[in-house]
Each structure stands twice: as C-alpha cells, then as structure tokens.
1. Taking into account only those residues within the range 116-145 that are over 16 Å from the mean Cα position of the chain (by Cα) and of a type in the set (D, E), which is modelled with the lowest pLDDT?
2. P60 versus (1) crowded, with 16+ Cβ neighbours inside 10 Å; (2) over 15 Å from I371 (Cα atoms); (3) not small (G, A, S): which is the lone unmet condition?
3. Taking the range 10-39, which residues are at positive phi and among the hydrophobic types (A, V, I, L, M, F, W, C)?
4. Among the residues of the range 82-113, which ones are of a type in the set (F, W, Y) and farther than 27 Å from V393 by Cβ?
5. Just checking, which of R137, R179 is more than 30 Å from Y325 (Cα to Cα) and among the basic types (K, R)?
6. Look at the range 246-257 and say how many of its residues are in contact (Cβ under 8 Å) with a residue 40 or more places away in the chain and either in contact with a Pro (Cβ under 6 Å, 6 or more places away or on another chain) or assigned to a helix (DSSP H, G or I) (or both).
7. Sort through L109, L130, L117 and tell me the only one that's part of a strand (DSSP E or B) and either out of contact with any Ser or Thr (no Cβ under 9 Å at 6 or more places or on another chain) or in the same structural domain as A302 (by TED's automatic domain parsing) (or both).
8. Which residue is farthest from the chain's Cα centre (by Cα), if the candidates are limited to the range 171-198 and must be part of a helix (DSSP H, G or I) and without any contact (Cβ under 8 Å) to a residue 12 or more places away in the chain?
Amino acid sequence: MTEEEVQKITDVVCPFCGCLCDDVEIDVANNKVVTTYNACTIGTTKFFSVNETEHRFTKPMLRKNGKFVPISWDEAIERAAKILLNAERPLLYGFSSTSNEAIGEGFKLAEEVGGVLDQTASVCHGPSVLAIQDVGRSAATLGEIRSRANVIVYWGSNPSAAHPRHMSRYSMFVRGFFREKGAKERTLIVVDPRNTDAAKLADIHIKVEQGKDYELVSAMRAALRGIEIPEMVAGIPKKDILEVLEIMKKAYFGVVFFGMGLTQTFGRHRNIDNAINLIRELNSYTKWIISPMRGHYNVTGAGTVWTWQTGYPMSIDFARGYPRYNPGEYCANDILVNGEADAALIIASDPGAHFPAKSIRHLAKIPVIAIEPHITPTTELAELILPPAIVGVETEGTAYRMDHVPIRLRKVVDAPDECLPDEVILERLTQKVRELKK
C-alpha cells in the first residue's frame, strides 16, 4: 500500500458517546479504516468495526423456519409496514445511536401507525428529564466549562470508563482560555460509593453510602443555609461535608456532572431534583452549573428532536392520533412488562441485552423488526432485519452533544452491499404505511 493510496479524513466526529469528540482523524485505504488519531479506545473500536462484515447484516433478512434468509428491500419494507399496521399497539424503541434526521422520521412513523414511541433515556437518564421538567437547571456548554471551570464534581459517574476523553477534553485536564494551566488550576471532587478510576484521580473522594445520595445533597443544602447537620450523613463525616461546601462556595466557576449513580439509584428523579436545587442555591455565592453525563452519542438528540416535534422527549403514545406523555405507563419496559405491545420496531439500541427478563419474554412472543447492523441479542428475537449504514462512519447525519450543541457527523467509508441510512429506511417505511392505509 503506497502513501498515495491512503486518504486522511480530518475533523471526524466520533459516534460513540455523548462527548461527540470532533477532532478525530481517520486514515482510509480501499474503503477500510487503517488508522485513527485522537479517538479513545472505544471510539477506535467502533471505527474499525466496519472493516469486518462476518457478524454484519448487509442485506434485509427474514426469519424462515428459524433461520434468516435474504430478501429484497421492497419485500422487507412492505412486510415491516404490514407488521406495524396490523398491530393494535406497536412499540417503536431505541433511536439513541442514530441521526436527528432518522429520529424525526421515527416520529412520523409512530404517528402513522398509532404506536408508542420511546428512547433509551427511559432506562437511563429519564429521571434527569423528569427533574429538569420540574425545576429547570443551570446549564452551560462543554466549551464554557472547559474555558472557565475550576471546581469539577463527578457525582455517580465514572468518565474514565464511560466517557474516556471527557476529563482530558472538556473538564479536568484540558487547558482552557481562563485555565491556561489546566489541572493545576482545577479541583476535582468525585462522589461515588466505589473507588473508581475517576475517584483515584480526585483531589477529594466523597465515598457516599450506596443509595444515600439524596440524604447527602439534603445535608449540603441544609448546611448551606446555616442549619446544623448531624455528625455523620450517608457515611460522610460532617467536617468533610462542610469542607467540600466551602470549596464549592469559593469556586470561580463550578460544575456538577452526574451519571446513572444518581438517576438509577434510590430516589431517582428526586435525587436530580434535589441536586439541581443545591446548584441553584450555590449560585447565590458563585457561578455553578449542573450537567448530565449522557451515554449514547445521540440520546440527547432523541429527546431534543421529539420535544420540538411533539412537546415530549420520550414515552409518547399516539394511540388516539395525537401525542400523549406518561413516563411509567408509556415507557418501553412498561409496555412490554404489561404485555401491551403486539409488535416492535427496534432501532439503534439493544433491549435484548439490557432489558429485564420479563420484558424480553414478551418481546420474544411478538413480531420484532430490528434496524440493526450487527448480530445482537435483539436480532436473535427478530423476525425481520433491516440493515442500516452506521451513522458517523458510513453515512452523514446530525447529532446533539450531551450539552445540546448540534454537531454534523461525517462519512469516512462506504456502507457494505445493500445497507441504507436509518433515515432512508424509516422514510420508506412511513411512505409504505401511508400507501397501505389508503
């Protein structure tokens, strides 16, 4: 391979996590990824995954007699449309690892078939959404945090594992406009019951008792108001709580990044509600913001796009012909556990690997359409596979970073064989549904 055969593509956006790092460079030769620069280990793995097609679906597949056989796109689209139209309560779920354009098409399809539309936030940062709807939040872009923040708190989050470049690119270790010395000018506080990799890097590790975050936040709010607190709260001595509060009150610009350690432990959205109010009260002393650590690269986009389309970010029911919102009733897990869904379209997610057993047992009983490039536990349950091009690697698209900044993803290689972009698949499905309804 000569140097002339290798094409370097710059300003590539990594389509893995909510960081959406946009400084990646890719060397491509013969339609294969040769080298990646700047991407983390997980992002690099995603880029290189397109080189292997052994475990990849490259044609529409239909399950016959327990085995998948290839079919044409026209037949696949028609079968999928009929499955959704013939269902009384179809579920459309996922959308967190695809483009805003595809997410918008998903809304149109759900409206046409009178289905339930949900995304992966309902099983991760859904409580954050509920809390923010209740009380709002102080927010800022990652760029502003990078430039200004000198006190950084990771609460119930381990960026070293889930968002490998977050600390080096946006928070602790990066040199910002007003933080030219980087980590030397910043204080890192980690609140986590475990001694995570992030906790090992922290200046202060608050080892809160499991499930006692609400009590700790409440004690901090009380102390902030001058109320006497107990000598020990959630396993943390009073003096340590007061010490951290003093650091927070004297910050030039502070940020709390919170993860599923807050959203999926006892208290759920009330944990977030309480934390948001702590930040609001700290703003009486100095500048503080609070930001969720969103996982999938466009889970923020799913909530954002549907909110401006319907008014709601997730758990949306179109059974009456208009959108209704009720988390806890219209979440994908609730629909499956209660045995309501009689068909499902799964896109850009893998509930077969992550949902509870009762949900999976029901999913196995109903027709499942999977828009999925690889073999997964969900495709093992599927009746029909519609193979997509991978957004941000094999096709372009727009996504929202975890701080709600929209970023355009680039294409670096061509998709194999008959794979189509998610947006095109959903658009064709919607058109076929409309034709069949006439």
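1. Among them, the one singled out is D134.
2. Looking at each condition in turn, P60 falls short on (2).
3. Selection gives L20 alone.
4. Passing the criteria: none in range.
5. Exactly one residue qualifies, and that residue is R179.
6. Qualifying residue count for the region: 2.
7. Values: L109 fails: part of a strand (DSSP E or B); L130 fails: part of a strand (DSSP E or B).
L117 is the lone residue from the list that is part of a strand (DSSP E or B) and either out of contact with any Ser or Thr (no Cβ under 9 Å at 6 or more places or on another chain) or in the same structural domain as A302 (by TED's automatic domain parsing) (or both).
8. Of the residues in the range 171-198, the ones part of a helix (DSSP H, G or I) are 182-185, 197-198.
Going one step further and asking which of them are without any contact (Cβ under 8 Å) to a residue 12 or more places away in the chain, we end up with 182-184.
On the way: G182: 28, A183: 27, K184: 31 Å.
Of everything passing the filter in the range 171-198, K184 is farthest from the chain's Cα centre (by Cα).
The values are calculated or read from the model by the stated rules, or taken from the named source; none is laboratory data. Note that the coordinates shown come from a computational prediction; the quantities given were computed from them, not determined experimentally. With ideal geometry, Cβ positions are generated from the backbone for all residues, glycine too; neighbour counts draw on all protein chains shown.
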